Amino acid sequence: GVIYKARQQKLNRVVAVKMIRAGKLASPSDIQRFQSEAEAIGRLEHPQIVPIYEVDQVEGIHFFSMALVDGEDLAQKLQQGPLPQRQAAHLVYEIALAIQYAHQQGIIHRDLKPANILLTRDGQVRVTDFGLAKLQDAEQGQTVTGDIVGTPGYMSPEQAGGRRNLIGPASDVYSLGCVLYFALTGRSPFVSDSPMETVMLVVEQDPIAPRTLRPKLDRDLEMIVVRCLQKPIDLRYSSGEAL
């Protein structure tokens, strides 16, 4: 998709409008995924999740409108360097509560990363981009076992391994651990020259210990990160609430 800043004329308010990048050339699977994203967001009413306003199409081009978040995303903020420890912990705490709510509505985000976490000018957190969300009560047929869905540096090992049947709340917990790792160290847990090499690292290797990159990091906070990033699902926190 591609997102525009726009004005909703009937209500005279500024919004964000998301459209399929391919426009009229969008394939049926593109349209289905786009509509599934709109359906996922439409289920969610939470102060830390960007709300959806309208879903429609005009001249064969599908779109939906959302609240416009006036600020920056976490990836942009982290270009200035790692966050203070307490600030990083509190930020992920708020995201975890929002994701817990999404899980309770039957939605797994599957693409949590700094670029999908928006920060308002007054420091509030907003989770966005449910384009890869999995609706637990619907078999959409968009991905099958063997497909790799997500962003290599932030996806869980089960996503990286294409094990769709194992993807659940703990998969988002893993990604939250990656976000916390980045917020504390200034880099993602796995860095390589290519996306596929990163995927292999996620499946096969353990990340560098956070305290190696930030020696004065609180040991308990490091252990929270390490537990989130366990490859066996049952060794992670079981939910956003547990995290």
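A search for C-beta distances below 6 Å between a residue of the range 108-121 that is under 20 Å from Leu135 (Cα atoms) and any residue that is of a type in the set (Lys, Arg) and crowded, with 20+ Cβ neighbours inside 10 Å, counting only pairs 6+ apart in sequence or on different chains, returns Ile108/Lys134; Arg110/Lys134. The residue that is least open to solvent (accessible area, probe 1.4 Å), counting only those in the range 159-197 that are in contact with a Cys (Cβ under 9 Å, 6 or more places away or on another chain) and polar (S, T, N, Q), is Ser175. For the range 1-26, a residue qualifies if it is part of a loop (DSSP other than H, G, I, E, B) and open to solvent by less than 40 Å² (accessible area, probe 1.4 Å), and the qualifying residues are Ile20, Ala26.
Is the range 30-39 home to any residue that is among the β-branched types (Val, Ile, Thr) and under 16 Å from the mean Cα position of the chain (by Cα)? No.
When the range 1-26 is limited to residues that are in contact with a Lys or Arg (Cβ under 7 Å, 6 or more places away or on another chain) and touching a residue at least 24 places away in the same chain (Cβ under 8 Å), the one that is farthest from Leu132 (Cα to Cα) turns out to be Val14.
Scanning the range 58-81 for residues that are open to solvent by 70 Å² or more (accessible area, probe 1.4 Å), touching a residue at least 40 places away in the same chain (Cβ under 8 Å) and within 30 Å of Leu184 (Cα to Cα) turns up at least one hit. If you go through the range 232-243 and pick out every residue that is hydrophobic (A, V, I, L, M, F, W, C) and assigned to a loop (DSSP other than H, G, I, E, B), you end up with 2. Taking the conditions (1) open to solvent by 20 Å² or more (accessible area, probe 1.4 Å); (2) assigned to a loop (DSSP other than H, G, I, E, B); (3) aliphatic (A, V, I, L, M) in turn, Leu44 satisfies each one other than (1).
Counted as qualifying within the range 170-231 are the helices (runs of 4 or more DSSP H) with 2 or more residues that are under 19 Å from the mean Cα position of the chain (by Cα), namely 195-204, 219-228.
Among what's in the range 49-94 and is polar (S, T, N, Q) and farther than 29 Å from Lys216 by Cβ, pick the residue that is modelled with the highest pLDDT.
If we filter the range 49-94 for residues that are polar (S, T, N, Q), which is where we start, we get 57, 65, 76, 79-80, 85, 87.
Remaining after also requiring farther than 29 Å from Lys216 by Cβ: 57, 65.
Details: Gln57: 87, Ser65: 92.
The extreme case among them is Ser65.
Against the condition in contact (Cβ under 8 Å) with a residue 12 or more places away in the chain, open to solvent by 50 Å² or more (accessible area, probe 1.4 Å) and under 20 Å from the mean Cα position of the chain (by Cα), how does Ser238 come out, does it pass? Here the answer is yes, as Ser238 does meet what is asked.
In the range 60-91, the residue that is farthest from the chain's Cα centre (by Cα) out of those that are under 10 Å from Ala183 (Cβ atoms) and in a loop (DSSP other than H, G, I, E, B) is Pro84.
Residue count for the range 48-74 under the criterion of being in contact with a helix residue (DSSP H, G or I) (Cβ under 8 Å, 6 or more places away or on another chain) and closer than 13 Å to Thr128 by Cα: the result is 8. Looking across the range 148-169 at every residue that is assigned to a helix (DSSP H, G or I) and in contact with a Ser or Thr (Cβ under 7 Å, 6 or more places away or on another chain), the one that is farthest from Ile208 (Cα to Cα) is identified as Asn165. Within the range 218-231, residues that are touching a residue at least 24 places away in the same chain (Cβ under 8 Å) and farther than 19 Å from Val202 by Cα have Cβ atoms under 7 Å from residues that are in a helix (DSSP H, G or I) and among the hydrophobic types (A, V, I, L, M, F, W, C) in these pairs: Leu221/Ala89, counting only partners at least 6 apart in sequence or on another chain.
The values are calculated or read from the model by the stated rules, or taken from the named source; none is laboratory data. Remember, predicted model here, so these are calculated numbers, not experimental data. Using ideal geometry, Cβ is built from the backbone for each residue, glycine included, and neighbour counts are taken over all protein chains shown. Heads up: the accessible areas ignore ligands, DNA and RNA and are worked out on the full protein's heavy atoms, side chains in. Shrake-Rupley method; radii C 1.70, N 1.55, O 1.52, S 1.80 Å.
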